[in-house]
1. Report yes if residue 343 is within 14 Å of the ligand (Cβ to nearest atom) and either surrounded by 22 or more Cβ atoms within 10 Å (Cβ to Cβ) or of a type outside the set (A, V, I, L, M) (or both), otherwise no.
2. Quick check on region 315-332. Is at least one of its residues at pLDDT below 95 and closer than 23 Å to residue 286 by Cα?
3. Out of the residues in region 355-385 meeting the condition of being of a type in the set (Gly, Ala, Ser), more than 9 Å from the ligand (Cβ to nearest atom) and closer than 16 Å to residue 305 by Cβ, tell me which one is surrounded by the most Cβ atoms within 10 Å (Cβ to Cβ).
4. Step by step: first the residues of region 386-396, then only those that are in a loop (DSSP other than H, G, I, E, B) and over 11 Å from the mean Cα position of the chain (by Cα), then the one that is farthest from the ligand (Cβ to nearest atom). Which residue is that?
5. Condition first: surrounded by fewer than 24 Cβ atoms within 10 Å (Cβ to Cβ) and closer than 23 Å to residue 601 by Cβ. Now tell me which residues in region 453-483 satisfy that.
6. If only one of 40, 3 is in contact (Cβ under 8 Å) with a residue 60 or more places away in the chain, closer than 20 Å to residue 192 by Cβ and small (Gly, Ala, Ser), which one is it?
7. Mind checking which helices (runs of 4 or more DSSP H) fall wholly inside region 397-481 and carry at least 2 residues that are farther than 30 Å from residue 319 by Cβ?
8. Looking only at region 582-609, count how many residues are assigned to a helix (DSSP H, G or I), more than 16 Å from the ligand (Cβ to nearest atom) and small (Gly, Ala, Ser).
Amino acid sequence: MCGIIGYLGPKKISSILIEGLKKLEYRGYDSAGLAVVNKGKLEIRRVKGKISNLEEIIRMSPIDGNYGIGHTRWATHGRPSEENAHPHRDCSETIVVVHNGIIENYLDLKKELLEKGHIFRTETDTEVIAHLIEENFEKNLEIAVQKAVKKLGGVFAFAVISSKDPEKIVTAKKGPPAIIGLGSDEYFVSSDLAPILGHTKDVIFLDDEEIAVIDKNGVQFMNFQGKTLSKKIDTITWDPIMVEKGGFKHFMLKEIFEQPRALRETLMGRISLDTGKIYLDEINLSPDFLRKISRINIIACGTSYHAGLVGKYFLENLTHIPVEVDYSSEYRYRDFILEKNQLNIIISQSGETADTLAALRIIKKNKGKTLSICNMKGSTATREADGVIYTHAGPEIGVASTKTFTTQLMALMLFSLYLAQVKNRFKKNEILTYFQELQRIPHKIESILYQSSKIENLAQKYFHYTDFLYLGRWVNFPIALEGALKLKEISYIHAEGYPAGEMKHGPIALIEEKMPTVAIAPKDRVYEKMLSNISEVKTRNGIVLAVAWEEDKEIREKVDEIIYIPSSHPLFTPFLTVIPLQLFAYYIGLKRGADVDQPRNLAKSVTVE
Ligand code: F6R
C-alpha cells in the first residue's frame with residue numbers, strides 16, 4: 001500500500017515526481033503529495049484524491065528545486081484527507097517524510113514525543129517518524145534516521161529530506177520495498193521499478209534494516225547499526241514501454257491482451273522438445289529433496305490464491321503428491337503442521353504482500369522449505385524464499401490481476417511437470433505431449449481475444465444486473481472464483497463463485513431470472529455434471545451464460561448465451577476459460593462507468609496486514 005518516490009538530479013523536479021507518482025498510483029489513490037527544498041526552503045503540496053488533483057495544485061502553485069520526495073496513499077491510519085496526506089512534517093517544518101507501511105507502536109511513540117513537547121497535526125502513524133527524526137537530529141540526517149529506526153515498530157519504507165541537511169535523501173527499509181535508481185548524475189528512490197525504468201536500468205534493491213543516503217556525489221549504504229555496506233547493482237531488462245498503455249484505453253485491457261506474449265516469455269527457455277527436459281534454474285531445490293516431497297502446501301492471497309487452487313489440481317494430477325492451499329491471512333494464525341519432506345509454495349505477483357510474507361517467514365522460522373512464484377524481480381518473497389520461479393509477465397499496472405494470473409498458472413504447470421519428471425511419472429516421450437500443449441496455449445488465447453467484441457456485446461446486454469453466480473467444477477472451480485472476483489472488483493457487482501456441485505447445498509435458493517449464472521463447461525471429466533447443474537438453473541428460470549468448447553453443439557440448446565473457447569487437454573483448460581471472464585468483467589466495469597484500472601478501496605500491493 002502507498003507508493004513513495006524521491007529524486008535528486010538536474011531534471012524538473014515536479015514533473016519527475018508527478019510522473020513517478022502516476023506510475024505508483026496503482027498502490028493507492030486516497031491522497032497524494034510532494035515536498036521539495038528550493039533555495040533552502042521546504043515546500044509542500046498535498047491533496048485529497050488522485051495524482052491528477054496534485055498535478056492541478058502544482059499547475060496553479062508551481063514548485064521547484066533539485067531534490068524532493070513524493071507519495072501516493074492508501075489510507076490505513078487516519079482517514080483520506082489533505083491533512084493526513086504525506087509528506088508529514090516535524091515541529092520545525094524542516095524535516096519531511098513519505099512512508100509506506102505501518103508503525104505499529106506509533107501511539108506509544110506519540111505519547112512519548114508529546115510529553116517531550118512535540119506538536120502533532122495529523123491522525124497518521126507516519127507523523128511520529130518525522131518527530132522522532134527531529135528528536136534525534138543534531139547535524140546529520142542519516143545519523144538521526146539511524147537512531148530513529150531503532151525505536152520504530154512495525155514495517156516501513158520511508159524517504160526523508162531536511163532543509164537542515166540539504167541536498168540529501170535518506171531512505172530506510174524494514175518490510176515494504178525500496179529501490180534506488182542510479183542514473184547519470186541523478187538518483188531515484190521508489191517503491192517499485194516503474195517510475196525508474198524510463199530513466200535508468202541500473203538499480204539497487206534495499207534489503208531489510210538498510211539505509212541509503214543519496215547526495216550529489218552518489219549513494220552510500222549502511223545498516224541500521226551504521227555499518228557501511230557495499231551493494232550489488234542489478235540491471236533491469238524490462239522495457240519502459242511496458243509501463244505505458246500502448247494505445248489501449250486501460251492498462252487492464254492491455255494486460256489482458258498481453259497474455260499470449262507473457263505466457264510465451266514465461267515458457268521461453270524452460271522446456272526443450274529436443275531433450276524432453278524442463279529448466280527451472282532458480283528453484284534451488286535438490287533432486288534428492290524433490291524426489292522425497294511427500295506433501296505440498298500452497299499459500300497466497302486473492303487472485304494468486306486462485307492460481308494456487310488450480311495448481312493443486314495440476315500437481316495432484318501430475319505428481320500424485322497431496323496438496324493443500326491456504327489463504328496467507330489464515331495460514332499465519334492456524335496451527336499448521338510442517339512435515340519433514342514438505343514443500344511450501346508461496347505465490348505472489350508483487351512478492352510484497354504482508355500476509356504472504358508473514359506466512360513465508362513463519363515457515364522459514366520452522367525450518368520449512370520454500371519456493372516462491374513471483375513476478376517482481378528482487379522483491380522480498382524472491383529474496384527470502386529458498387528458491388523462485390519467475391513469471392515473466394512484465395509490470396502489471398491495472399489493479400486487477402490478469403496476465404500475472406495466467407503466468408502463475410504457467411509457472412505451476414511447469415513445476416508440476418518438472419516434479420513429475422523427477423519422480424519418473426511419465427512414460428517415454430509422454431512429456432512431449434504436454435510440452436506441445438503448453439506451446440499451443442498462447443495461440444489459443446489469441447483466438448479468444450479475437451472475440452472480444454462479442455464479449456463486449458454480452459456485457460452491454462448484462463451490465464445492469466446486480467448479482468451474478470459463477471459455477472465451475474474440478475480444475476475450473478477456481479476459475480469460477482476468479483471470474484467472480486474480477487467482476488466484483490472491477491464493476492462493484494455482487495458475484496459469487498461456487499463449485500457447481502455445491503449449488504444444491506445453498507446457493508440454488510438464489511436462482512431466479514434476475515441473477516445470471518456464468519457456467520464454465522469445457523468437455524472434460526465433469527462436463528456431464530456441469531450440464532445437469534445448468535439444467536437445474538434453467539428449470540428455476542435462471543439465465544445461463546456458458547463458456548464451452550468450440551465444437552460443443554449439445555450445450556447450445558441448454559443455455560442462453562455461449563462464449564466458445566478452443567478445446568485443449570482438459571487439465572489445461574483454466575488457461576483459456578479465464579480469458580473471457582476477464583474480458584466480461586472489464587467490459588461490464590467499463591459500461592458501468594467504473595474506474596477499472598484503479599477500483600475504489602483497492603491497491604495493487606497489500607503491504608499491510
Ligand atoms: C485481484 C488481485 C489481488 C491480488 C492479491 C495478492 O485482482 O490482484 O487479489 O491477487 O492482493 O497479491 P500478490 O499476488 O501481489 O501477493
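The values are calculated or read from the model by the stated rules, or taken from the named source; none is laboratory data. Worth saying up front: this structure is predicted, and the values here are computed from it rather than measured. Quick reminder, even Gly has a Cβ in these numbers, built from the backbone with ideal geometry, and neighbours come from all protein chains shown.
1. So residue 343 does not fit the description; no.
2. No: region 315-332 contains no residue that is at pLDDT below 95 and closer than 23 Å to residue 286 by Cα.
3. Going through the qualifying residues, I end up with 372.
4. Within region 386-396, the match that is farthest from the ligand (Cβ to nearest atom) is 386.
5. Listed by number, the residues that qualify are 459, 463, 464, 465, 466, 467, 481.
6. On the way: 40 fails: closer than 20 Å to residue 192 by Cβ.
Result: 3 is the single residue among 40, 3 that is in contact (Cβ under 8 Å) with a residue 60 or more places away in the chain, closer than 20 Å to residue 192 by Cβ and small (Gly, Ala, Ser).
7. In region 397-481, 430-449, 452-462 are the helices (runs of 4 or more DSSP H) which contain 2 or more residues that are farther than 30 Å from residue 319 by Cβ.
8. 0
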